[in-house]
Amino acid sequence: MNSAQPQTHDVAGPASSSKAGRVLMSVEGLRKDFGGQPVLDNIELSLHEGEIVLLQGVNGSAKTTLLNILTGNLAPDAGTIHLSVNGNEEVFHFPRRSWQDMNVFDRFTPEHFACKGVGREWQDIRLFSSQNLRDNLAVAAPRHVGENPLAVLFRREAVKENEHHACSEASVALDKLGLHDREGSSADKVSLGQAKRAAIARAVQAGARILFLDEPLAGLDEAGTEQVLEMLKDLADRQRLTLVIVEHVFNVSKILEFATSAWTLKNGSLSVESAATVKMQLAGLSIGPVAEIQKRLPPGAVLAQKTSLNGADLLIFSRNKRTDDPPLLEVKELVVYRGNRLVLGSRDELGNIHGISFALHRGDTGLMLAANGHGKTTLAESLAGLVKIASGQIRFDGVPIEQMPVWERAVRGLLFLPARNHTFADLSVAESLKLAGINDCPQSLKLLLHRRVSQLSLGEKQRLAFECALRKKNYILGVLDEPFSALDGANVQALFEHIQNAKDCAFLICLPNQIRQEI
Amino acid sequence: MNYLLHLLIYLSIYSIVAMSLNMIVGYCGLLSLAQAGYFAVGSYVYALTTLKLGFGFLPALTLAVGVAALLSLALSLPAWRFKGDSFVMVSLAVQTLFFSMFFNWSNPGAEPGTVTNLTNGPFGLAGIPKPSFFQFKADSLPSIAILSLVLATLCGLLCWRLLSSPWGRLLKSMRDDELALRGLGKNVRLAKLQVFAIACGMAAIAGAIYASYVGYINPSAASLDQSILMLCMVLVGGVSNLKGPLVGALVLLTIPELLRFAQIPDEFAANVRLMLYGVALVLMMHFRPQGIAGEYRIQ
């Protein structure tokens with residue numbers, strides 16, 4: 001059989017179920033190449049009912065590629081996938097015949113996999129932004145009569161009943177998540193943690209029995225992390241959902257607390273271990289950014305200042321002795337609005353607005369730790385000149401820059417590394433490096449030189465972004481917005497090396513406050 | 001009075017077209033330049049069936065809608081795969097195909113409406129009968145105005161019913177993130193087939209009213225200018241709700257009529273109208289990218 005058309009036959013009933021639950025999905029001899037390079041080679045795996053799997057691997061190890069294949073989003077080059085979530089087994093053989101791509105009845109599609117109970121939560125969330133949270137969940141209701149225009153016109157009662165049912169289920173699901181009061185809120189107006197929980201609930205609402213989650217904790221603050229972890233544990237314990245969770249280095253330990261096994265992707269191969277084994281391997285490793293920074297700062301560097309900015313923590317580690325030299329960056333009474341919402345600054349009982357103030361000297365590394373939606377990105381973008389400030393002063397290297405255009409701030413040495421949209425999707429890695437004026441390509445990017453940026457994993461993109469930004473050293477102040485996002489241990493280390501080597505520079509690093517416990 | 005009735009008929013016709021195009025642009029997020037092609041399909045099918053086959057208004061209208069819905073596959077099948085600029089190019093190709101067909105399916109020696117001279121090329125088809133069904137005969141301006149207004153209202157109700165239903169929500173979700181919707185098990189291909197069939201069928205209704213009102217149809221009804229005008233109505237008025245396209249149709253039909261009072265020589269009037277469309281669009285994109293009454297900003 002040389003096609004992706006499924007063969008259907010009954011699988012063994014509950015009598016044959018193992019203690020871990022029956023096999024819902026298994027894969028044999030899976031292979032995927034990109035540009036002639038194998039990224040997955042002869043992968044064998046099986047996924048049991050109720051299993052909670054941590055999927056880990058370094059950046060570019062094809063974690064997301066494997067997820068894409070297992071959810072019907074990407075066809076592998078070879079191998080077999082057995083899917084038997086609802087009792088009937090479907091088998092997909094690869095490679096497919098050339099005409100299969102044109103086949104409108106092809107069943108190796110994300111919608112078919114979703115109908116069979118395979119759900120997916122995306123790294124970038126992907127809620128339907130123009131709709132409220134309730135509609136985001138209600139649209140996921142399977143077999144909704146109201147999605148047929150003829151039924152809308154001629155079977156109004158059935159549609160009404162179905163819609164009532166879908167909306168009530170959505171409301172109940174949101175209620176369970178503590179989002180009852182936000183069900184009318186537009187999906188693009190809720191916090192990151194709320195959006196992630198709503199996205200997971202949406203996949204469950206669609207009938208998922210196996211749920212693949214791509215970095216569900218990435219970018220979340222302390223409260224958001226707790227809420228998402230709580231939800232995942234609940235899905236696993238009460239609803240017996242099978243979870244496969246991809247996480248990056250800082251959050252691996254949190255997933256291992258309740259995972260049953262761990263899949264590790266390395267050089268295209270997949271190894272399966274128990275969660276306890278991986279936990280033991282990770283024990284003793286320092287994985288928090290604050291600890292990493294403290295560990296990597298030169299001897300003598302101390303926590304010089306700890307201040308509170310509107311409830312956010314600003315920790316300033318200083319390598320140099322404080323002198324009377326003017327600060328490199330001085331922010332005084334900065335007030336910024338997003339639309340009508342006061343984002344940076346606070347209002348007292350009398351209605352007076354107070355801006356935020358802080359200063360960074362050369363050799364300082366400032367960590368701004370704040371909850372999601374607190375205004376970290378707004379602060380970074382205000383400093384870079386991408387957001388208009390309402391009032392206040394920003395002096396950079398002794399010069400007021402509030403009115404200065406973005407490009408001039410960059411020319412003067414103010415570097416801004418955004419959290420996302422920091423690479424050019426249509427350029428190759430080589431072209432991106434060339435554009436940034438970098439001639440000595442870092443070792444980790446050498447293998448990727450001819451790949452288009454759009455083909456890189458998020459971790460690889462992040463690596464490229466910080467290499468392009470930091471390697472040339474034509475800056476004196478680096479403003480880095482969530483720079484560790486999606487990075488593996490080696491790349492985190494590479495980023496710290498840049499920070500460590502730039503001795504005469506200052507850095508302001510904006511991070512979610514989930515690492516507050518390290519302070 | 002006749003002048004106002006004439007305006008009312010045109011407003012009804014273009015409101016139907018704008019509402020139909022809003023389904024594609026506002027609810028699917030796909031910019032189509034082929035809507036005039038389907039408008040002309042409706043006109044020609046109506047003209048040919050009434051002139052040559054002796055059909056009455058309702059059977060001819062039904063056939064026009066059916067043919068346009070069937071031909072909508074020319075857009076909906078590529079829409080499975082193409083998005084953004086690529087889909088605009090596909091729609092332009094379909095538009096050109098329709099225009100070329102209407103323009104070139106002619107044979108000067110043969111009788112218009114026959115297989116060899118189906119559309120009579122650039123000379124078009126004349127003498128299209130006025131609508132007549134049951135006891136109603138729309139042979140006067142007020143009666144055609146009433147008929148067109150009734151049909152526009154029915155189309156509006158159809159749009160309202162469909163787009164405020166779970167099907168409308170499905171379309172909006174598809175516009176926001178097609179891949180995420182597929183990941184929820186939704187058949188987006190079927191949804192695209194449905195929305196294009198309905199939208200193109202509605203454009204054909206407008207085309208049939210137009211042909212029956214004017215009594216004459218030629219390939220200029222399927223020209224790119226017409227498609228751009230229709231798209232402008234949707235973009236200027238705003239998308240993703242019902243009032244946006246209605247406002248757009250009203251505004252863009254009113255501008256040239258107002259220009260008549262500005263005493264601009266006829267030789268410049270057409271160009272001035274185009275310039276005004278251009279200026280209106282530029283201003284709109286700058287100050288109100290979601291259109292006058294729109295809810296959604298086209299990316």
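General observations
- Residue count, the range B:264-299 (criterion: open to solvent by 100 Å² or more (accessible area, probe 1.4 Å) and in contact with a strand residue (DSSP E or B) (Cβ under 9 Å, 6 or more places away or on another chain)): 2
- Annotation note: of B:V195, B:V214, the sole residue that is touching a residue at least 24 places away in the same chain (Cβ under 8 Å) and open to solvent by 40 Å² or more (accessible area, probe 1.4 Å) is B:V214.
- Extreme residue, farthest from the other protein chains (Cβ to nearest Cβ), among residues of the range B:172-224 that are within 17 Å of the chain's Cα centre (by Cα) and aromatic (F, W, Y): B:Y213
- Matching residues in the range A:124-158 - criterion: being within 7 Å of another protein chain (Cβ to nearest Cβ) and under 30 Å from A:L192 (Cα atoms): A:R126, A:F128, A:S129, A:S130, A:Q131, A:D135, A:V139, A:A140, A:P142, A:H144, A:E147
- Qualifying residues in the range A:161-176 (those that are open to solvent by 30 Å² or more (accessible area, probe 1.4 Å) and more than 10 Å from chain B (Cβ to nearest Cβ)) - the one farthest from A:G224 (Cα to Cα): A:E161
- Verdict on A:L256 being hydrophobic (A, V, I, L, M, F, W, C), in contact (Cβ under 8 Å) with a residue 40 or more places away in the chain and under 21 Å from A:L458 (Cα atoms): no
- For the range B:1-25, residues that are open to solvent by less than 40 Å² (accessible area, probe 1.4 Å) and of a type in the set (F, W, Y) total 1.
- Search result, residues across the range A:351-365 that are open to solvent by less than 40 Å² (accessible area, probe 1.4 Å), modelled with pLDDT of 90 or more and among the small types (G, A, S): A:G355, A:A359
- The listed residues are A:H82, A:H93, and the only one of them that is modelled with pLDDT of 95 or more and open to solvent by 20 Å² or more (accessible area, probe 1.4 Å) turns out to be A:H82.
- For the range A:103-117, the criterion of being away from chain B (no Cβ under 14 Å) and out of contact with any helix residue (DSSP H, G or I) (no Cβ under 7 Å at 6 or more places or on another chain) is met by none of the residues.
- Annotation note: Cβ proximity below 6 Å between a residue of the range A:495-515 that is open to solvent by 10 Å² or more (accessible area, probe 1.4 Å) and a residue that is among the β-branched types (V, I, T) and part of a helix (DSSP H, G or I) (sequence gap 6+ or interchain) occurs for A:Q514/A:T225; A:I515/A:V290.
- Strands (runs of 3 or more DSSP E) fully within the range A:380-491 that include at least 2 residues being surrounded by fewer than 19 Cβ atoms within 10 Å (Cβ to Cβ): A:391-396.
- Hey, B:L154 modelled with pLDDT of 95 or more, more than 10 Å from every other protein chain (Cβ to nearest Cβ) and open to solvent by 10 Å² or more (accessible area, probe 1.4 Å) or not: yes
- Restricting the range A:194-231 to residues that are within 13 Å of A:L133 (Cα to Cα) and either without any contact (Cβ under 8 Å) to a residue 24 or more places away in the chain or away from chain B (no Cβ under 14 Å) (or both), the residue that is least open to solvent (accessible area, probe 1.4 Å): A:R197
- Annotation: of all residues in the range A:23-60 being open to solvent by 30 Å² or more (accessible area, probe 1.4 Å) and among the small types (G, A, S), the one that is modelled with the lowest pLDDT is A:G35.
- Selection within the range A:284-343 - at pLDDT below 80, open to solvent by less than 30 Å² (accessible area, probe 1.4 Å) and charged (D, E, K, R): A:E292
- Filter result for B:L162 (in a helix (DSSP H, G or I), open to solvent by 10 Å² or more (accessible area, probe 1.4 Å) and either closer than 30 Å to B:F133 by Cβ or more than 8 Å from chain A (Cβ to nearest Cβ) (or both)): no
- Residues that are touching a Lys or Arg at 6+ places or on another chain (Cβ under 7 Å) number at least 2 in the following helices (runs of 4 or more DSSP H) confined to the range B:35-115: B:73-79.
- Test: A:K254 is open to solvent by 10 Å² or more (accessible area, probe 1.4 Å) and modelled with pLDDT of 90 or more: no
The values are calculated or read from the model by the stated rules, or taken from the named source; none is laboratory data. Predicted model only: the values in this text are computed from it and were never measured. Positions of Cβ are generated from backbone atoms using ideal geometry, with glycine treated the same way; all protein chains shown enter the neighbour counts. Side chains included, ligands, DNA and RNA excluded: accessible areas come from the protein's heavy atoms. Shrake-Rupley method; radii C 1.70, N 1.55, O 1.52, S 1.80 Å.
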